[in-house]
1. Applying the selection to segment 155-175, what residues are closer than 26 Å to Phe68 by Cβ, surrounded by fewer than 19 Cβ atoms within 10 Å (Cβ to Cβ) and touching a Phe, Trp or Tyr at 6+ places or on another chain (Cβ under 9 Å)?
2. Scan segment 76-132 for residues that are among the small types (Gly, Ala, Ser), within 28 Å of Asn147 (Cβ to Cβ) and more than 19 Å from the chain's Cα centre (by Cα) and jot them down.
3. With respect to Asp142, is the statement that it is surrounded by fewer than 16 Cβ atoms within 10 Å (Cβ to Cβ), more than 23 Å from Asn88 (Cα to Cα) and modelled with pLDDT under 85 true?
4. Can you tell me which residue in segment 61-79 is surrounded by the fewest Cβ atoms within 10 Å (Cβ to Cβ), limited to those that are of a type in the set (S, T, N, Q) and under 19 Å from Ala186 (Cα atoms)?
5. Residues in segment 173-194 that are out of contact with any Asp or Glu (no Cβ under 6 Å at 6 or more places or on another chain) and either part of a strand (DSSP E or B) or among the charged types (D, E, K, R) (or both): how many?
6. Taking segment 110-131 as the region of interest, how many residues are surrounded by fewer than 19 Cβ atoms within 10 Å (Cβ to Cβ) and closer than 23 Å to Pro153 by Cα?
7. Take segment 122-138 and flag every residue that is within 10 Å of Leu92 (Cβ to Cβ) and of a type in the set (A, V, I, L, M, F, W, C).
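The values are calculated or read from the model by the stated rules, or taken from the named source; none is laboratory data. Everything numeric here is computed off the predicted structure, so don't read it as measured data. In this analysis, Cβ positions are derived from the backbone assuming ideal geometry, glycine residues included, and neighbour counts consider all displayed protein chains.
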Amino acid sequence: MVSRSLIGALTAATLSVFALTGTASAQSDLTFEDVFAAAEATTYKAQVVTTNPARNEIIVKADNKNEFSVPVQDGFDIGSVRKNQFLNVTYLAGVVIDIEKSEKTKPQVDVSKTVVLADQDRLPSGLSARQMTVTVKIETADKKTGNVRFTGPDGNERTYKVQNPDMLTDLNVSSGDLFDITFFDAIGIEITNT
């Protein structure tokens, strides 16, 4: 069984990718099933370190003392957040929908946009879905299961499931390669009193 702090640390590492991106609304014909399939939401408590209204993000500290930024969803009143408040952060990892060889020389964020799902009501309450394209360094790629472990622009490793595992074989994906990966995530925050 994975410890709660390990889950929090892994989630925190994934969330830091969002800190480097902006948002733009986009209407979509995508459904919850298309982008989140069997994903499970992870929720953990974090303490506010500071806010960054210019970047529309909140810097928080997890139980393991690691600090990371959490982007806030459209319409969230970032001015209502105060230092040392506690937040519940909920995160949902989606599927990788595209992967291609990159011409870039290092991992970086390329595109991030908010996605409105056709069946938005299936998304857990308070979460905003995003489609992101990032340049990553492949660590491992399981061509049978579709699981890809990579190092992102923030230097942290994460694992996602590729929607079509045949892409990994077709592209001859191997360790050390740089690829542009497009994937979905959803994140939300809730202010708590404790």
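1. The answer is Glu157, Thr159.
2. Ser102, Ala118
3. Judged against the criteria, Asp142 is not a match.
4. Checking each candidate, the answer is Gln73.
5. 14
6. Qualifying residue count, segment 110-131: 4.
7. Those that are within 10 Å of Leu92 (Cβ to Cβ) and of a type in the set (A, V, I, L, M, F, W, C): Leu123, Leu127, Ala129.
Every residue, every condition in (1) touching a helix residue (DSSP H, G or I) at 6+ places or on another chain (Cβ under 9 Å); (2) under 21 Å from Thr43 (Cβ atoms), yes or no:
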{"residue": "Val95", "(1), (2)": "yes, yes"}
{"residue": "Asp98", "(1), (2)": "yes, no"}
{"residue": "Gln108", "(1), (2)": "yes, no"}
{"residue": "Leu127", "(1), (2)": "no, yes"}
{"residue": "Arg149", "(1), (2)": "no, no"}
{"residue": "Asp154", "(1), (2)": "yes, no"}
{"residue": "Gly188", "(1), (2)": "no, yes"}
